[in-house]
Amino acid sequence: MIGKRMKSTIITILAATVISSSSYADTRKDLGTFNNWDALLEVNAKGQKTCYIISMPNKTSTSQPVSSRGDSYMMISIKPTYGIIAEIMVALGFASNESAEATVSVDGDRTTRMFMKGEEAWTYDARDDVAMVAKMKAGSNLLFTSTSKRGTVLKDTYSLSGFTAAFNAISSACK
């Protein structure tokens with residue numbers, strides 16, 4: 001579950017993203033907390049909906065000591081206006097080694113590669129997003145592995161408890 005401070009930070013980030021785009025977020029609604037996942041809905045002035053589920057890692061390990069790290073979280077969004085039914089983004093909380101790839105695996109199963117840009121990681125293809133969401137619905141833990149600009153390997157473990165219910169909530173809200 002995301003703490004109130006972290007949820008406030010994430011909502012601020014989302015609001016800044018929406019405000020900087022061509023449309024403005026008129027309403028924002030908390031759709032609920034589903035174990036380790038929070039669900040949110042935004043509707044802009046044009047009536048366009050965007051829905052998100054967000055979780056923070058419940059365990060992190062590093063290849064060497066890390067002095068500081070910003071907020072890290074995984075977010076899956078649905079943007080029906082743009083035909084996006086599942087878009088995965090991971091906020092790293094550090095500057096990435098953009099020449100390296102991040103990986104994500106559910107319950108130790110086959111990994112999916114992601115590219116890193118700045119302090120974020122994204123899948124290469126919308127089909128990867130949809131396939132990963134299906135794996136997440138069936139899984140219990142997700143391991144996200146990335147490399148910082150300084151060469152530190154970070155492994156974040158996310159609990160998938162509540163993922164399916166949270167994703168179903170945003171799927172219903174963003175029809």
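Within the stretch 108-147, can you find the residues that are among the hydroxyl-bearing types (Ser, Thr, Tyr) and either crowded, with 16+ Cβ neighbours inside 10 Å or more than 15 Å from the chain's Cα centre (by Cα) (or both)?
Let us first name the residues in the stretch 108-147 that are among the hydroxyl-bearing types (Ser, Thr, Tyr), namely 111-112, 123-124, 140, 145-147.
Within the stretch 108-147, THR111, THR112, THR123, SER140, THR145, SER146, THR147 meet the criteria.
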| request: Taking the residues in the stretch 151-168 that are among the aliphatic types (A, V, I, L, M) and surrounded by fewer than 20 Cβ atoms within 10 Å (Cβ to Cβ) as candidates, determine which candidate is nearest to SER63 (Cα to Cα). | output: VAL153
| request: Can you give me the number of residues within the stretch 119-175 that are under 28 Å from ALA95 (Cβ atoms) and assigned to a loop (DSSP other than H, G, I, E, B)? | output: 8
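If I filter the stretch 36-85 down to residues being charged (D, E, K, R), touching a helix residue (DSSP H, G or I) at 6+ places or on another chain (Cβ under 7 Å) and modelled with pLDDT of 90 or more, which single residue comes out as surrounded by the fewest Cβ atoms within 10 Å (Cβ to Cβ)? Don't jump to the end; show me each part of the working.
In the first step, residues of the stretch 36-85 are kept if they are charged (D, E, K, R); the result is 38, 42, 46, 49, 59, 69, 71, 79.
Subset that is touching a helix residue (DSSP H, G or I) at 6+ places or on another chain (Cβ under 7 Å): 38, 42, 49, 71.
Going one step further and asking which of them are modelled with pLDDT of 90 or more, we end up with 38, 42, 49.
On the way: ASP38: 26, GLU42: 23, LYS49: 17.
Per the stated criteria, the residue is LYS49.
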| field | Test: residue in the stretch 111-129 that is of a type outside the set (D, E, K, R) and under 17 Å from ASN36 (Cα atoms) | value | no
| said: Return the residues of the stretch 42-77 that are part of a strand (DSSP E or B), touching a Leu at 6+ places or on another chain (Cβ under 8 Å) and closer than 18 Å to GLY118 by Cα; say none if nothing qualifies. | reply: MET74
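Under 23 Å from VAL133 (Cβ atoms) and buried (at least 21 other Cβ atoms within 10 Å of the Cβ): which single residue out of ALA102, ALA91 fits that description? Give the derivation first.
Working: ALA91 fails: buried (at least 21 other Cβ atoms within 10 Å of the Cβ).
Selected residue: ALA102, the only one of ALA102, ALA91 that is under 23 Å from VAL133 (Cβ atoms) and buried (at least 21 other Cβ atoms within 10 Å of the Cβ).
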| note | Of the conditions (1) out of contact with any Pro (no Cβ under 7 Å at 6 or more places or on another chain); (2) farther than 24 Å from GLN48 by Cβ; (3) touching a residue at least 12 places away in the same chain (Cβ under 8 Å); (4) of a type in the set (D, E, K, R), the single one that ARG110 does not satisfy is (3)
| remark: Of the residues in the stretch 149-172, those that are over 23 Å from PHE115 (Cα atoms) and not hydrophobic (A, V, I, L, M, F, W, C) come to SER161, GLY162, THR164, ASN168, SER171, SER172
| For the stretch 30-74, how many residues meet the condition of being closer than 15 Å to SER172 by Cα, free of Cβ contacts under 8 Å to residues at least 60 places away in the same chain and of a type in the set (Lys, Arg)? | 0
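The values are calculated or read from the model by the stated rules, or taken from the named source; none is laboratory data. All of these numbers come straight from a predicted model, not from anything done at the bench. Every residue, glycine among them, receives a Cβ derived from its backbone with ideal geometry; neighbour counts consider all protein chains shown.
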